[in-house]
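My questions all concern the structure below.
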Amino acid sequence: MRCLITNAPWEGPGPYSPAGLRLLDRRLPSLAPLPYTREQLIEEAAARSVKMSIQGMQPKVSTVLRATEGRMEIVDNGGRYIVKPPHLVFAELPENEALTMSLAATLEIEVPVHGLLLNSDQTRSYFVRRFDRAGWNKQPVEDFAQLSGASRDTKYDSSTERLIEIINQFCTFPALERMKFFDRLLCAFLTGNEDMHLKNWSLITRNDKVELSPAYDLLNSTIPNPKSREEMALPLRGKKSNLRANDFWRYLAAERLGFTPALIEQIRARFAAACAGWPARIETSFLSAEMKARYLALLAKRRIQLGLEQA
C-alpha cells in the first residue's frame, strides 16, 4: 500500500500516510473521500466553470481544506486547491499528472504540494495547492499568453524562442530563470508533455522579484493519445517533432540561452542521473500496467533522442 499523496510505502489504515497529511496541514489526522463520484465531480466542474479564475481543457473544481473536519469542500470563491477529476475520454489523467509532477520534483523543479484524492466511488482525482495565494493575499501571476499579447485561442501561435524573449524582458534575474526554463523544457520533452503552450508558462512576483512560477499542468499528454505525432506544443527551431539532441544542447542551450560547455555538461549529467531513476518511480506509481508500459517506452525513446540513454 502506498500513500496517495507522497506515493511512499504506507502500512497503516487509510489511503494517506501521516507524512502525506502533514503536507496539507499539520492538524490533519485523516482525510475523508470527496463526497462525489467521478461523474458528479465532472458535473460540478461544468456548473462552476464560469466562476473559476483558472480555466483549461480538463474539468476542475476549486476547494478548501477543512482541516479540523478532515475533508475537502468545493467552493466558488477563495479556494486553496484545484481538484481535477478523472477525464471521461482520456484515461488516468489524475494518476498521470501526480506522477509527472513528482518526476519534475526530482530535478529540483519547484512544484506545489500535490497528490491524489479518493472519490466516493473509489476513483481518484488529482489535487494541487494554488501557488498564487499567500494567506489571504493573491500573488501577482501572469501567464506567457498575457505577457505576449496572445489569447486562449492563440496560445499555440508562438515558439520556444519567444518564451526566452519573454523571460529576458520581464524577469528580474533572467540568467537564473533561463536555467530554470531549460530544466522544465527538457523535463517536458522527456515526459511526453507536448501541451506546454503559452498559458502553461507563468511568471510570479514574490518578494519584489519576478521569476518563473512553480510548475503546473505537467502531464504526459502523449500516452493517453498515442495518435499524437507532435513532441512539443511550441516549435523549437521551427520543429514540433523529430527533435534531436543537437536541437536542445547545441542550438537551444548553447546558441539561444548562452550556456557554456561546462554548464551544459553539468545539466546533461544531472538529467542523466535523475531520469535513470524514473523507471522505478513509474513502476510504483498509481498508473495501470498498460499506462506504465507506455510511459516507460516513451521515456526510453526520449532519453535516446537527448543522448541520455547510457545513464
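The values are calculated or read from the model by the stated rules, or taken from the named source; none is laboratory data. In this text, all values refer to a predicted model and were calculated from it rather than measured experimentally. Heads up, the Cβs are rebuilt from the backbone with ideal geometry, glycines too, and the neighbour counts pull from every protein chain shown.
Taking GLU92 as meeting all but one of (1) in contact with a strand residue (DSSP E or B) (Cβ under 7 Å, 6 or more places away or on another chain); (2) surrounded by 14 or more Cβ atoms within 10 Å (Cβ to Cβ), write down the number of the exception.
It is condition (1) that GLU92 fails.
For the range 29-40, which residues satisfy the criterion of being within 15 Å of TYR126 (Cβ to Cβ) and either out of contact with any Pro (no Cβ under 6 Å at 6 or more places or on another chain) or part of a loop (DSSP other than H, G, I, E, B) (or both)?
LEU31, PRO33, LEU34, TYR36 - these are the residues of the range 29-40 that are within 15 Å of TYR126 (Cβ to Cβ) and either out of contact with any Pro (no Cβ under 6 Å at 6 or more places or on another chain) or part of a loop (DSSP other than H, G, I, E, B) (or both).
Against the definition (over 12 Å from the mean Cα position of the chain (by Cα), modelled with pLDDT of 95 or more and outside the structural domain of ILE267 (by TED's automatic domain parsing)), how does SER102 come out, yes or no? Write out each step before concluding.
Details: over 12 Å from the mean Cα position of the chain (by Cα): no; modelled with pLDDT of 95 or more: yes; outside the structural domain of ILE267 (by TED's automatic domain parsing): yes.
Against the criterion (over 12 Å from the mean Cα position of the chain (by Cα), modelled with pLDDT of 95 or more and outside the structural domain of ILE267 (by TED's automatic domain parsing)), SER102 does not qualify.
Then there's this: State whether one or more residues within the range 115-131 are closer than 22 Å to SER288 by Cβ and among the aromatic types (Phe, Trp, Tyr).
yes
Here are some residues: ALA262, ALA269. Which one is assigned to a helix (DSSP H, G or I), of a type in the set (Gly, Ala, Ser) and over 19 Å from ALA175 (Cβ atoms)?
ALA269
Continuing with this model, one more query. Being under 30 Å from ASP153 (Cβ atoms), in contact with a Phe, Trp or Tyr (Cβ under 7 Å, 6 or more places away or on another chain) and surrounded by 15 or more Cβ atoms within 10 Å (Cβ to Cβ), is that true of even one residue in the range 235-242?
Step one: of the range 235-242, the residues under 30 Å from ASP153 (Cβ atoms) are 235-242.
Then drop every residue that is not in contact with a Phe, Trp or Tyr (Cβ under 7 Å, 6 or more places away or on another chain), which leaves 237.
Now drop any that are not surrounded by 15 or more Cβ atoms within 10 Å (Cβ to Cβ), which leaves 237.
Among the residues of the range 235-242, at least one is under 30 Å from ASP153 (Cβ atoms), in contact with a Phe, Trp or Tyr (Cβ under 7 Å, 6 or more places away or on another chain) and surrounded by 15 or more Cβ atoms within 10 Å (Cβ to Cβ), which makes the answer yes.
Please determine whether any residue of the range 170-183 is part of a loop (DSSP other than H, G, I, E, B), surrounded by fewer than 20 Cβ atoms within 10 Å (Cβ to Cβ), in contact with a helix residue (DSSP H, G or I) (Cβ under 7 Å, 6 or more places away or on another chain) and of a type in the set (S, T, N, Q).
So far as the range 170-183 goes, no, none of its residues is part of a loop (DSSP other than H, G, I, E, B), surrounded by fewer than 20 Cβ atoms within 10 Å (Cβ to Cβ), in contact with a helix residue (DSSP H, G or I) (Cβ under 7 Å, 6 or more places away or on another chain) and of a type in the set (S, T, N, Q).
Taking only the range 8-45 into account, find how many residues are free of Cβ contacts under 8 Å to residues at least 24 places away in the same chain and among the aromatic types (Phe, Trp, Tyr).
Looking only at that region, the number is 2.
Here's another thing I want to ask about it. Take LEU287 and decide whether it is modelled with pLDDT of 95 or more, touching an Asp or Glu at 6+ places or on another chain (Cβ under 6 Å), in the same structural domain as SER158 (by TED's automatic domain parsing) and over 24 Å from LEU163 (Cβ atoms). Quick ask: steps written out before the conclusion?
On the way: modelled with pLDDT of 95 or more: yes; touching an Asp or Glu at 6+ places or on another chain (Cβ under 6 Å): yes; in the same structural domain as SER158 (by TED's automatic domain parsing): yes; over 24 Å from LEU163 (Cβ atoms): yes.
For LEU287, the condition - modelled with pLDDT of 95 or more, touching an Asp or Glu at 6+ places or on another chain (Cβ under 6 Å), in the same structural domain as SER158 (by TED's automatic domain parsing) and over 24 Å from LEU163 (Cβ atoms) - is met.
Going by what's in this entry, would LEU218 be described as closer than 28 Å to LEU88 by Cβ, buried (at least 21 other Cβ atoms within 10 Å of the Cβ), in contact with a strand residue (DSSP E or B) (Cβ under 8 Å, 6 or more places away or on another chain) and at pLDDT 95 or above? Lay out the reasoning, then the answer.
Working: closer than 28 Å to LEU88 by Cβ: yes; buried (at least 21 other Cβ atoms within 10 Å of the Cβ): yes; in contact with a strand residue (DSSP E or B) (Cβ under 8 Å, 6 or more places away or on another chain): no; at pLDDT 95 or above: yes.
Answer is no for this residue.
Determine whether the range 79-97 contains at least one residue that is in the same structural domain as ASP121 (by TED's automatic domain parsing), over 15 Å from THR123 (Cβ atoms) and in contact with a Leu (Cβ under 8 Å, 6 or more places away or on another chain).
Within the range 79-97 (the criterion being in the same structural domain as ASP121 (by TED's automatic domain parsing), over 15 Å from THR123 (Cβ atoms) and in contact with a Leu (Cβ under 8 Å, 6 or more places away or on another chain)), the answer is yes, since at least one residue qualifies.
Of the conditions (1) under 17 Å from ILE164 (Cα atoms); (2) part of a loop (DSSP other than H, G, I, E, B); (3) over 20 Å from the mean Cα position of the chain (by Cα), LEU234 clears all except one; give me its number.
Condition not satisfied by LEU234: (3).
So, one more: Among ARG22, ARG48, ARG26, which is out of contact with any His (no Cβ under 6 Å at 6 or more places or on another chain), farther than 25 Å from PRO224 by Cβ and in a helix (DSSP H, G or I)?
Testing whether each residue is out of contact with any His (no Cβ under 6 Å at 6 or more places or on another chain), farther than 25 Å from PRO224 by Cβ and in a helix (DSSP H, G or I) leaves just ARG22.
Something else about it: Given the residues SER125, SER120, which is the only one that is assigned by TED's automatic domain parsing to the domain that holds PRO35 and crowded, with 19+ Cβ neighbours inside 10 Å? Let's see the steps before the verdict.
Values: SER120 fails: crowded, with 19+ Cβ neighbours inside 10 Å.
Only one candidate passes the filter, namely SER125.
Of all residues in the range 117-141 being in contact (Cβ under 8 Å) with a residue 60 or more places away in the chain and of a type in the set (Ser, Thr, Tyr), which is nearest to ASP217 (Cα to Cα)?
SER125
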